[in-house]
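A short worksheet on the structure shown next.
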Amino acid sequence: MSLAPITVATLAGMKAKGEPIACLTCYDASFARLLDSVGVDLMLVGDSLGMVLQGHRTTVPVTIEQMVYHAACVSRGRERALLVVDLPFLASATPERAIDAAGCLMQEGGAEVVKLEGGAPMLDTVRRLTEQGVPVCAHLGLLPQSVHRIGGYRFQGRDHASAEAIRHDAVAMQEAGASLLVLECVPAALASEIALMLSIPVIGIGAGAGCDGQVLVLHDMLGLNPGRPPSFSRNFMTGQVSIGDAVDAYVRAVKSREFPGRDEIPY
């Protein structure tokens, strides 16, 4: 494993070479050190912290101040992995708000890339951010911040019209300057097609094995969330003696394309 810091250019090179990208969410310095030590390529400080750390039912209550706090914690703990941080609910409602929020995440939180949810309405914001030197990770498919509008956590892109919209938005995001794309809960065939279409890395979560990389919520892959886990996840603590071993098993499974398996591709 190279000790050189991972950059967006590094990830683009990994895509070009066909090397899978291993990503996990992370929310504190201790886990950041652990994830770095076993070769996680990208750490995402996701607004999922609202659910797995704060106990909310959705990500909507998370604030920019909370994202900055957790990003700074992770930044102090990691040395190698690329640090991507979510813009929380309504922080990207206008390009101006997104620029201000991104400034906080990068200057105070140590973010190297900011991630935002949404398709066509976000294109001008992506352009404006990249013009200001902010690397952007776009997020299409299931948009957790829109859970109240869509009526739950539902798979997207199952019909022709919605699949075509996701496909179109993915290309448009790349053209607008996005450096990365996350596809969440979309059909595996659609995600694979988009990954082949784009020159930027495509990271999947519940999107099959054809993406350029995989991301899971840390607490899901460690089996720490009560109740029914996501159908696309896996408890990597099973059969392991330590959390470090579990994370290492996840990285190896992504790198070997053993994860996700057939039973972890819901659609």
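For the reader, a short list of remarks on this structure follows.
- Options GLY227, GLY210, GLY133; residue that is free of Cβ contacts under 8 Å to residues at least 60 places away in the same chain, of a type outside the set (Lys, Arg), under 26 Å from ARG257 (Cα atoms) and assigned to a loop (DSSP other than H, G, I, E, B): GLY210
- Residue that is closer than 23 Å to PRO144 by Cα and in contact with a strand residue (DSSP E or B) (Cβ under 9 Å, 6 or more places away or on another chain), where the choices are VAL60, VAL74: VAL74
- Any hit, segment 189-201, residues being at pLDDT 95 or above and within 15 Å of VAL40 (Cα to Cα): no
- Residue that is nearest to GLY213 (Cα to Cα), among those in segment 44-60 that are surrounded by fewer than 16 Cβ atoms within 10 Å (Cβ to Cβ) and not polar (S, T, N, Q): LEU53
- Condition met for ALA72 (out of contact with any helix residue (DSSP H, G or I) (no Cβ under 7 Å at 6 or more places or on another chain) and of a type in the set (A, V, I, L, M)): yes
- Count of segment 135-163 residues, restricted to those that are surrounded by fewer than 21 Cβ atoms within 10 Å (Cβ to Cβ) and closer than 16 Å to LEU196 by Cβ, is 1.
- Contact map, segment 102-124: first residue touching a residue at least 60 places away in the same chain (Cβ under 8 Å), second residue of a type in the set (Asp, Glu) and buried (at least 23 other Cβ atoms within 10 Å of the Cβ), Cβ cut-off under 8 Å, separation 6 or more or different chains; pairs are LYS115/ASP86.
- Failed item in (1) free of Cβ contacts under 8 Å to residues at least 60 places away in the same chain; (2) among the basic types (Lys, Arg); (3) closer than 13 Å to ALA207 by Cβ, with ARG158 passing the rest: (1)
- Subset of segment 230-267 that is among the basic types (Lys, Arg) and touching a residue at least 24 places away in the same chain (Cβ under 8 Å) - its residue that is surrounded by the most Cβ atoms within 10 Å (Cβ to Cβ): ARG234
- Within segment 3-33, being part of a loop (DSSP other than H, G, I, E, B) and touching a residue at least 24 places away in the same chain (Cβ under 8 Å) holds for LEU3, ALA4, PRO5, ILE6, THR7, GLU19, PRO20, CYS26, TYR27, ASP28.
- The residues of segment 91-130 that are of a type in the set (A, V, I, L, M, F, W, C) and assigned to a strand (DSSP E or B), listed by number, are VAL113, VAL114, LEU116.
- Residue in segment 30-43 that is among the charged types (D, E, K, R) and buried (at least 24 other Cβ atoms within 10 Å of the Cβ) present: yes
- Just one of (1) assigned to a loop (DSSP other than H, G, I, E, B); (2) of a type outside the set (A, V, I, L, M); (3) closer than 20 Å to ASP47 by Cβ fails for ARG158. It is (3).
- Exclusive hit being over 21 Å from GLN107 (Cα atoms), hydroxyl-bearing (Ser, Thr, Tyr) and more than 16 Å from the chain's Cα centre (by Cα), set THR58, THR63: THR58
- Test: SER146 is of a type outside the set (Phe, Trp, Tyr), closer than 25 Å to ALA188 by Cβ and within 17 Å of the chain's Cα centre (by Cα): yes
- Check on ARG167, in a loop (DSSP other than H, G, I, E, B), over 13 Å from the mean Cα position of the chain (by Cα) and of a type in the set (Lys, Arg): no
The values are calculated or read from the model by the stated rules, or taken from the named source; none is laboratory data. Please read these numbers as outputs of a predicted model, since none were measured by experiment. With ideal geometry, Cβ positions are generated from the backbone for all residues, glycine too; neighbour counts draw on all protein chains shown.
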